[in-house]
Amino acid sequence: MELVANIGTPNDLEGVKNNGGEGVGLYRTEFLYMGRDELPTEEEQFESYKAVLEGLEGKPVVVRTLDIGGDKELPYLKLPKEMNPFLGFRAIRLCLEEKEIFRTQLRALLRASTYGNLKIMFPMIATLDEFRQAKAMLEEEKANLQSEGIAVSDKIEVGIMVEIPSTAVLADQFAKEVDFFSIGTNDLIQYTMAADRMNERVSYLYQPYNPSILRLVKMVIDAAHKEGKWTGMCGEMAGDETAIPLLLGLGLDEFSMSATSILKARSQIRYLNKTEMEKLAAEALQKSTTEEVIEMVTAATSKKQV
Ligand code: PEP
Ligand code: MG
């Protein structure tokens, strides 16, 4: 089980090292595209990816391809306003349509791949067809670079973020084709509960410990393990004190969180017994409400500390 960090820019690397991160579980590349007037060039992107890979000295770096839309706008793309931006033309949907933007990023990533331990993941995957299209474009760009004599690592794992319930439910099929899953609970909770994550009036529905969410997480982890693949989590839930015992019990392989949460999570995990957490998680899956789960976890973990 690995404790890794979420980062937004190469400047965040120092925090990862100072807090004992064993790698990067989510590099949110959209920050490269934001706060400017035009798209970043392939060269600019290559330099950023290379800096992160070199800085991590062979430790795993999971880079998420462009996840724009929803709460993250790029004014210079001049996309039409949408009624429901969180359900609209964003992330992988945009990349599969705006092919040159996507291919530029893929080329920059592939070129940087020889400088460290790169893993690539696609955001907001809803169907296997989307994953296959994105992977095919990655393979095409790899072949193009190689035919130009440019070296590309042959060890790049290619995975997806599980943020949409359709993908969690069909995880057994996805697991046959992806190298790994990373569960994005910030969005998975929003889409499962049909509650906008930016809308405070429905924030009571943002329930990480709801048994429905826990069951989806279990489905994803079990499906991956059945195919010999691994599952990480890079939503806020991965660093949450009440969730950690449950996630450990469910068999999560990689916890990715803000660097400042890593030390606390590590010391919490040190006192948790895997077999006991498996029992706790199994019980939680049979509960009916969030409140029941919280009560159960609090009772079990506070007993341990006495
Ligand atoms: C998520 O959805 O859980 C996630 C990590 O992605 P973001 O918060 O950037 O949407
Ligand atoms: Mg997300």
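Annotations for the structure displayed:
- Cβ-based net charge around Phe180, under 11 Å, with every Lys or Arg adding one and every Asp or Glu removing one: -3
- Whole-Hz Karplus values for segment 177-193 come out as 10, 8, 8, 6, 10, 10, 7, x, 6, 4, 8, 4, 5, 4, 7, 6, 8 Hz, taken residue by residue from phi with 6.51 cos²θ - 1.76 cosθ + 1.60 and θ = phi - 60°; glycine and proline positions read x.
- Legend: distances between Cα atoms for Lys81/Lys176; Lys59/Lys274; Lys142/Lys264; pairs beyond 29 Å are Lys81/Lys176; Lys142/Lys264.
- For segment 154-178, the residues whose backbone nitrogen is under 20 Å from a point 7 Å from the Cα of Glu82, taken along Cα to Cβ, are 160-168.
- Extension gain, Asn199 back to Ala143 (0.36 nm per residue minus Cα-Cα distance, nm): 15.7 nm
- The chain: C-alpha pair distances exceeding 29 Å, %: 34 percent
- Angle of helix 128-147 to the longest C-alpha principal axis of the chain, folded into 0 to 90 degrees and rounded to 10: 40°.
- Surface accessible to a 1.4 Å probe, per residue, for the residues of the chain, Å²: 46 Å²
- For Arg64, the residues whose amide H sits under 5 Å from its own are Tyr27, Thr29, Met121, ignoring neighbours fewer than 5 places away on the same chain, with H placed 1.01 Å from N.
- Sorted largest first, the spans of the alpha carbon positions of segment 168-264 along the three principal axes are 40, 32, 19 Å.
- Positive contributions from Lys and Arg (+1) and negative ones from Asp and Glu (-1), summed over other residues with Cβ under 10 Å from the Cβ of Ala224, come out at -3.
- Within a Gaussian network of the chain (alpha carbon springs, distance under 10 Å), most fluctuating of Lys176, Lys155, Lys274: Lys155
- ³J(HN,Hα), Karplus 6.51/-1.76/1.60, whole Hz, each residue of segment 279-294, x for Gly, Pro: 5, 4, 5, 4, 5, 4, 5, 8, 6, 9, 9, 4, 4, 4, 5, 4
- Shape box of segment 1-160 [Cα atoms, principal axes, largest first, Å]: 43, 39, 32
The values are calculated or read from the model by the stated rules, or taken from the named source; none is laboratory data. Here the structure is a predicted model, which is why all the values come from computation and not from measurement. Neighbour counts are summed over all protein chains in view; Cβ atoms, including those assigned to glycine, are modelled from backbone coordinates with ideal geometry. All accessible areas refer to the heavy atoms of the entire protein, side chains included, with ligands and DNA or RNA removed. Shrake-Rupley method; radii C 1.70, N 1.55, O 1.52, S 1.80 Å.
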